[in-house]
1. Mind checking which residues of the range 160-196 are over 14 Å from Asp237 (Cα atoms), under 20 Å from the mean Cα position of the chain (by Cα), crowded, with 18+ Cβ neighbours inside 10 Å and not basic (Lys, Arg)?
2. Quick one: which residue in Asp205, Asp138, Asp183, Asp172 is assigned by TED's automatic domain parsing to the domain that holds Gly35 and either more than 25 Å from Leu24 (Cβ to Cβ) or acidic (Asp, Glu) (or both)?
3. For residues in the range 36-64 being closer than 18 Å to Ile83 by Cβ and of a type in the set (A, V, I, L, M), which is surrounded by the fewest Cβ atoms within 10 Å (Cβ to Cβ)?
4. Among the helices (runs of 4 or more DSSP H) contained in the range 113-196, which hold 2 or more residues that are of a type in the set (A, V, I, L, M, F, W, C) and either modelled with pLDDT under 95 or within 20 Å of Ala220 (Cα to Cα) (or both)?
5. Answer yes or no as to whether Thr230 is modelled with pLDDT under 85 and β-branched (Val, Ile, Thr).
Amino acid sequence: MEPTSPPRRFAVLIDADNVSATALEGLLAEVANYGVAMVKRIYGDWTLPNLKSWKEQLLEHAIQPIQQFRYTVGKNATDSALIIDAMDLLFRSKLDGFCLVSSDSDFTRLASRIREEGLMVIGFGERKTPRAFVTACDRFVHTDILRGAAPEPENAPKKTVMDLKHDRKLLDLLRWAVEASEDEEGWANLGAVGAKIMSQQPDFDSRSYGFAKLSSLVDATKLFEIERQTSHNGRVDIMLRELPPPAPPRRR
């Protein structure tokens, strides 16, 4: 039996001013897919009534609240406190990555700096999150698709084949990722395809299209041949190959 590597250790740092508390349970479940949340801190001015929805969940999920008063109107002291703590943790703690929970572009440079040290950065935020912060992360998850989050217009039902066939941006991305990952026979491993997509678009998520897994989304496009191959160690790999375009109808 092969030895298993220890789970990755993450610091989860939450900007309470820029993320809804309704997504917290789903957010922590998402973090668990990547590793263990060794540090969980949330930053805000807890004297203000607008953070009441957060207060009710902190004890339940063992999240440490960090009090930060607003010293000057128009200046966000919360962001500064989070950034300072993140840099302290970066150099003093044995972590494998950070989860930065905010929809604020102020954390763009922080995400880049952490990645420069070789650690993974997963961002969480609303759809309004500036693109600069999204692309500064290794992975970015929109909070509206998380379990328990309030429904939003973007959290749409499962898209039909016709919907997907008209989404040129999605189809071009999938085709590019498959082509960039394919072997000499034109087959591409789904894991490699997913990695290519993430490198190009960190906030890509099949759940935004109504599919729990990338394989289900790819299958629904009806543009790829899919095979499941079992390796010698029993692992099942999903392989993709783009189908040839349909032949034009014959003229009578």
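1. Answer for the range 160-196, where residues must be over 14 Å from Asp237 (Cα atoms), under 20 Å from the mean Cα position of the chain (by Cα), crowded, with 18+ Cβ neighbours inside 10 Å and not basic (Lys, Arg): Leu170, Leu174, Ala177.
2. Values: Asp205 fails: assigned by TED's automatic domain parsing to the domain that holds Gly35; Asp183 fails: assigned by TED's automatic domain parsing to the domain that holds Gly35; Asp172 fails: assigned by TED's automatic domain parsing to the domain that holds Gly35.
On inspection, the qualifying residue turns out to be Asp138.
3. At the first step, the residues of the range 36-64 found to be closer than 18 Å to Ile83 by Cβ are 39-45, 64.
Restricting the remaining residues to those that are of a type in the set (A, V, I, L, M) gives 39, 42.
Numbers: Val39: 18, Ile42: 26.
Within the range 36-64, the match that is surrounded by the fewest Cβ atoms within 10 Å (Cβ to Cβ) is Val39.
4. Working: elements: 131-136, 161-165, 168-181.
Answer list for the range 113-196: 161-165, 168-181.
5. Numbers: modelled with pLDDT under 85: yes; β-branched (Val, Ile, Thr): yes.
Yes; evaluated as a whole, the condition is true for this residue.
The values are calculated or read from the model by the stated rules, or taken from the named source; none is laboratory data. Fair warning: this is a prediction, and the values are worked out from it, not measured in the lab. When we count neighbours, we look across all protein chains shown, and the Cβ atoms used for this are built from the backbone with ideal geometry, even at glycine.
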